[in-house]
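Student: Below you will find the structure I want to go over with you.
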Amino acid sequence: GENVEQHPSTLSVQEGDSAVIKCTYSDSASNYFPWYKQELGKGPQLIIDIRSNVGEKKDQRIAVTLNKTAKHFSLHITETQPEDSAVYFCAAATGANNLFFGTGTRLTVIP
Amino acid sequence: DTAVSQTPKYLVTQMGNDKSIKCEQNLGHDTMYWYKQDSKKFLKIMFSYNNKELIINETVPNRFSPKSPDKAHLNLHINSLELGDSAVYFCASTTGTAGSPLHFGNGTRLTVT
């Protein structure tokens with residue numbers, strides 16, 4: 001099955017700085033790569049996703065890049081704010097939504 | 001209105017007991033899931049149902065039995081609870097189309113003492 005690795009496990013940045021989280025996947029057939037944000041006491045919530053026919057996608061302060069050849073994808077958050085503090089998960093899926101999640105990154109934005 | 005709702009939010013019980021967690025989605029989705037999140041925050045799929053039919057059954061002890069009375073509900077029954085079952089259990093749903101996002105509930109924190 002798919003194996004998704006995520007780094008770093010914890011990340012602290014100053015407010016206003018950028019944060020980058022990286023993931024690698026093992027199954028070259030994976031074609032859907034969502035990112036989820038989990039706040040304390042809540043379920044994961046989709047923040048951005050990318051499909052294998054696209055190399056980069058941006059939504060305001062959040063961007064995701066995908067390198068299919070190297071089998072890695074990254075989340076970039078610019079101008080970080082305290083409310084960005086949460087646990088972030090990458091995931092990879094092949095076909096019908098059997099999502100395999102990374103191990104999570106706890107992001108802390110220091111005011 | 002909460003799109004995916006789970007009850008209860010917290011569940012504390014003793015080893016050996018049997019308990020159930022309920023999940024309902026009002027999004028009209030065809031596919032529902034149960035995920036388990038351990039103390040290290042690792043999210044692992046347990047079951048997937050599409051239109052009341054079991055699609056995915058990962059390596060989960062058969063003490064765990066999902067039941068889907070209709071496509072809007074997926075309940076999880078756990079027999080003979082063990083200490084290692086302590087975790088947060090998340091229900092999720094999706095349209096079932098490849099590449100459609102999952103919508104998660106807010107989780108049920110199960111503590112087995």
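The values are calculated or read from the model by the stated rules, or taken from the named source; none is laboratory data. All of these numbers come straight from a predicted model, not from anything done at the bench. Because the Cβ atoms are built from the backbone with ideal geometry, glycine has one as well, and the counts that use them run over all protein chains shown.
Student: Only one of these is at pLDDT 95 or above and under 19 Å from B:Phe104 (Cβ atoms): A:Glu39, A:Glu79, A:Glu5. Name it.
Tutor: Testing whether each residue is at pLDDT 95 or above and under 19 Å from B:Phe104 (Cβ atoms) leaves just A:Glu39.
Student: I've got another one for you. Can you find, within the stretch A:25-58, the residue that is nearest to the other protein chains (Cβ to nearest Cβ) among those that are among the polar types (S, T, N, Q) and within 16 Å of A:Glu2 (Cα to Cα)?
Tutor: Within the stretch A:25-58, the match that is nearest to the other protein chains (Cβ to nearest Cβ) is A:Asn31.
Student: Here's something else I'd like to know. Mind listing just one residue for me: the one in the stretch A:70-111 that is assigned to a loop (DSSP other than H, G, I, E, B) and more than 14 Å from every other protein chain (Cβ to nearest Cβ) and, of those, nearest to A:Asn3 (Cα to Cα)?
Tutor: A:Lys71
Student: Considering only the stretch B:51-64, state which residues are exposed (fewer than 14 other Cβ atoms within 10 Å of the Cβ) and more than 12 Å from chain A (Cβ to nearest Cβ).
Tutor: B:Asn51, B:Glu53, B:Leu54, B:Pro61, B:Asn62, B:Arg63
Student: Let me ask something additional. Just one of (1) small (Gly, Ala, Ser); (2) touching an Asp or Glu at 6+ places or on another chain (Cβ under 7 Å); (3) buried (at least 17 other Cβ atoms within 10 Å of the Cβ); (4) within 13 Å of chain A (Cβ to nearest Cβ) trips up B:Ala92, so point out which.
Tutor: Every condition holds for B:Ala92 apart from (2).
Student: Looking at the stretch A:1-69, what strands (runs of 3 or more DSSP E) fall wholly within it and have at least 3 residues that are over 26 Å from B:Glu58 (Cα atoms)?
Tutor: Once the strands (runs of 3 or more DSSP E) in the stretch A:1-69 are filtered for at least 3 residues that are over 26 Å from B:Glu58 (Cα atoms), what remains is A:10-14, A:19-25, A:56-59, A:62-67.
Student: Which one of these is surrounded by 19 or more Cβ atoms within 10 Å (Cβ to Cβ), within 10 Å of chain A (Cβ to nearest Cβ) and closer than 28 Å to A:Asn3 by Cβ: B:Leu74, B:Leu102, B:Leu110? I'd like the intermediate steps shown before the answer.
Tutor: Values: B:Leu74 fails: within 10 Å of chain A (Cβ to nearest Cβ); B:Leu110 fails: within 10 Å of chain A (Cβ to nearest Cβ).
Exactly one residue qualifies, and that residue is B:Leu102.
Student: Now for a separate question. Would you be able to tell me the number of residues in the stretch A:28-42 that are closer than 25 Å to A:Glu56 by Cα and among the basic types (Lys, Arg)?
Tutor: Count: 1.
Student: Right, here's the next one. Which is within 14 Å of another protein chain (Cβ to nearest Cβ), among the small types (Gly, Ala, Ser) and either assigned to a strand (DSSP E or B) or in contact (Cβ under 8 Å) with a residue 60 or more places away in the chain (or both), of B:Ser48, B:Ser68?
Tutor: The unique qualifying residue is B:Ser48.
Student: Just name the residue that is modelled with the lowest pLDDT out of those in the stretch B:1-53 that are under 21 Å from B:Ser80 (Cβ atoms) and of a type in the set (A, V, I, L, M).
Tutor: B:Met46
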